[in-house]
Structures are given as C-alpha cells and as structure tokens.
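Take a look at the structure below.
Nothing in this text is a laboratory measurement; each read-out follows from the coordinates by a stated rule. Nothing here was measured: the structure is a model prediction, and the numbers come from that model. Note that each Cβ is placed from the backbone with ideal geometry, even for glycine, and that neighbours are counted across all protein chains shown.
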Amino acid sequence: MITNGNSLRIGDFSPQLPNMSGTIESWFQDIVIGIITAPVVKGRVVESIVEISTRGVLQPLTAQQLDLKPEGERNWKWYMLHCQPSLSLQNDDTVSIKGGRYRVMGRWGFDEYGYVQYELVKDYDTVIPPTP
C-alpha cells in the first residue's frame, strides 16, 4: 500500500536522523530575549517586557536568502535566530535582543534536532511619550 507523504513526519522516514543539539549547543551563546507586549489600558498603550534567558545565536540573512524575499522587503534588516526549543515565539511577536527590536516573521521548529529557528525583521523604533 502506498502511504501519503503528508501523513508522515520527517523523523518517520529515517529513525536514525541525528539529534544536532550537541553540535548546535556549542555554537550557541547566552542570550536574553525580551518579549514585548503593548496592551491598551485606559486609552493608552502600556508597553511591558518579559525577559527570558536562553541560549542561541542571532545572525543576518545571507545575500542569497534576501534575494528570495519580495522586492520591497529586500531593504529591510532580516535576521535568523537559532535557539533552544524552550523559547516559544509566535509570528508577529515583538522581541528585544541586545538592545534591538525585532518582529517575528517566521518559525521553523526543529525540536527533534535540538533547536528552533526564527526569521526576524528589524522592527521600527517607536517612541511612546511619557504620561503627563
């Protein structure tokens, strides 16, 4: 009987796929990621940051990866974040890493291999005036 490929996970094809956590962990550095939320309270935006300590690495996209982006988005500052699977971000989350603000544009879960990969874009900096 022929099995439909969409009903199988990648790990089902070869039970001998390597767990890369040991290799990739040596590449990771300690990193603090601040998850930024900005709910509206009494008509004002109140921004708060919850910091999470993890291990990972932030790197810019290569020229080849940028060429795959739509033409208008190639000028944006794109980054790839590889980190431990314990970090759980969703698309459109705003995060702070090493003083920079980034928006999560994509997530690839390679939990079975010991890491997760996020595609980030440098977010615009907003200045919220202090309350009088």
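Here are some notes:
- Extension gain (nm, one decimal) between Tyr124 and Lys98, 0.36 nm per residue minus Cα-Cα: 7.8 nm
- Rounded, prolate or oblate (a/c below 1.5 giving rounded, otherwise prolate when a/b exceeds b/c) for region 18-122 by Cα gyration tensor: oblate
- Straight Cα distances below 23 angstrom link Lys98 to the lysines Lys77, Lys122, with same-chain residues fewer than 8 positions distant left out.
- Spin-label model, Lys69/Asp30: points 7 Å from Cα along the beta carbon direction are separated by 3.2 nm.
- Assuming charge only on the beta carbon of Lys and Arg (+1) and of Asp and Glu (-1), the dipole of region 18-122 about its Cα centre is about 460 debye to the nearest 20.
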